[in-house]
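Colleague: What follows is a single structure, and I will ask about it in a moment.
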Amino acid sequence: MTTTRMTSYDRTMLRVMNDPRGRRLRATAARRRSTVAAHVALTAAIVALLTHFCLSRAEQTWAAVAVAVLLLPWMVAQGLINGATRGLLELRERALDERQLAERSQVLARAHRATTVLLAVAVLGLFASGMADGDALRTYAPPALAAGLVVHFLMPVWVAGLTAKDEPAEDEPATL
């Protein structure tokens, strides 16, 4: 850990992120991948519903209600990913050791590369739709920018969840 003193908030968050109660849900890579896939799907559904809500000219109360309903499982999946990564992206630097700081840097670099590729594809898609129909660019640019911002914000969490290592089983003897 760093030489900066940890606050009571840091200690509390460290305890929360290392809580063993959810261990079964994040014990294997397949379960973590499933959780990340569910989180991605829920995020896509929420963004699509919010886009529909904002672009529709009719009153779309059902879309707002659907978003509110989807937020609970989304938050649970977010918590499972945070637990699987032991708070790698949520804890302050002073609460992480050198290995975790290096892992955080790797995750952020991979997420940055993936987001760059997705943003390039989105820009090319917007240009193509703008050349095909002049109004398409004006219609689709705001939702595409919003979706890009969401992906940029969540990509490190998804990459961390996909690259998290399995915890050693407590029953296995330690090998030297």
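Colleague: Filter segment 124-155 down to the residues that are more than 23 Å from E90 (Cα to Cα) and aromatic (F, W, Y), then identify the one that is surrounded by the fewest Cβ atoms within 10 Å (Cβ to Cβ). I'd like the intermediate steps shown before the answer.
Modeller: Filtering segment 124-155 down to residues more than 23 Å from E90 (Cα to Cα) leaves 124-145.
Filter once more, so that each one left must be aromatic (F, W, Y): 127, 140.
On the way: F127: 11, Y140: 19.
Result: F127.
Colleague: Can you tell me which residue within segment 104-123, out of those that are of a type in the set (D, E, K, R) and either in contact with a Pro (Cβ under 9 Å, 6 or more places away or on another chain) or touching a residue at least 24 places away in the same chain (Cβ under 8 Å) (or both), is most open to solvent (accessible area, probe 1.4 Å)? If you could, list the steps in order and put the result at the bottom.
Modeller: Narrowing segment 104-123 to residues of a type in the set (D, E, K, R): 104, 110, 113.
Still in the running and either in contact with a Pro (Cβ under 9 Å, 6 or more places away or on another chain) or touching a residue at least 24 places away in the same chain (Cβ under 8 Å) (or both): 104, 110.
On the way: R104: 34, R110: 113 Å².
Looking at the filtered set, the residue picked out is R110.
Colleague: Looking at (1) open to solvent by 50 Å² or more (accessible area, probe 1.4 Å); (2) closer than 20 Å to V159 by Cβ, find the lone condition where L91 falls short.
Modeller: Result: L91 fails condition (1) only.
Colleague: While we're looking at this one, here's another question. Would you say E170 is open to solvent by 40 Å² or more (accessible area, probe 1.4 Å), modelled with pLDDT of 90 or more and either of a type in the set (F, W, Y) or under 30 Å from R11 (Cα atoms) (or both)? Lay out the reasoning, then the answer.
Modeller: Values: open to solvent by 40 Å² or more (accessible area, probe 1.4 Å): yes; modelled with pLDDT of 90 or more: no; either of a type in the set (F, W, Y) or under 30 Å from R11 (Cα atoms) (or both): yes.
When the stated conditions are applied, E170 does not pass them.
Colleague: Considering only residues that are over 27 Å from L50 (Cα atoms), part of a helix (DSSP H, G or I) and more than 16 Å from the chain's Cα centre (by Cα), which ones fall in segment 62-102? Write out each step before concluding.
Modeller: From segment 62-102, those over 27 Å from L50 (Cα atoms) are 83-88, 91-102; that's our starting set.
When the remaining residues are screened for being part of a helix (DSSP H, G or I), the result is 83-84, 93-95, 98-102.
Matches in segment 62-102: E93, R94, A95, E98, R99, Q100, L101, A102.
Colleague: With T12, T28, T7, T51 as the choices, which residue is over 17 Å from L72 (Cα atoms) and touching a Pro at 6+ places or on another chain (Cβ under 6 Å)?
Modeller: Working: T12 fails: touching a Pro at 6+ places or on another chain (Cβ under 6 Å); T28 fails: touching a Pro at 6+ places or on another chain (Cβ under 6 Å); T7 fails: touching a Pro at 6+ places or on another chain (Cβ under 6 Å).
Only one candidate passes the filter, namely T51.
Colleague: Filter segment 1-18 for residues that are surrounded by fewer than 11 Cβ atoms within 10 Å (Cβ to Cβ) and of a type outside the set (S, T, Y); which is farthest from E103 (Cα to Cα)?
Modeller: In this case the residue turns out to be R5.
The values are calculated or read from the model by the stated rules, or taken from the named source; none is laboratory data. Computed from a predicted structure; not experimentally measured. Quick reminder, even Gly has a Cβ in these numbers, built from the backbone with ideal geometry, and neighbours come from all protein chains shown. Surface accessibility is based on the protein's heavy atoms, side chains included, excluding ligands, DNA and RNA. Shrake-Rupley method; radii C 1.70, N 1.55, O 1.52, S 1.80 Å.
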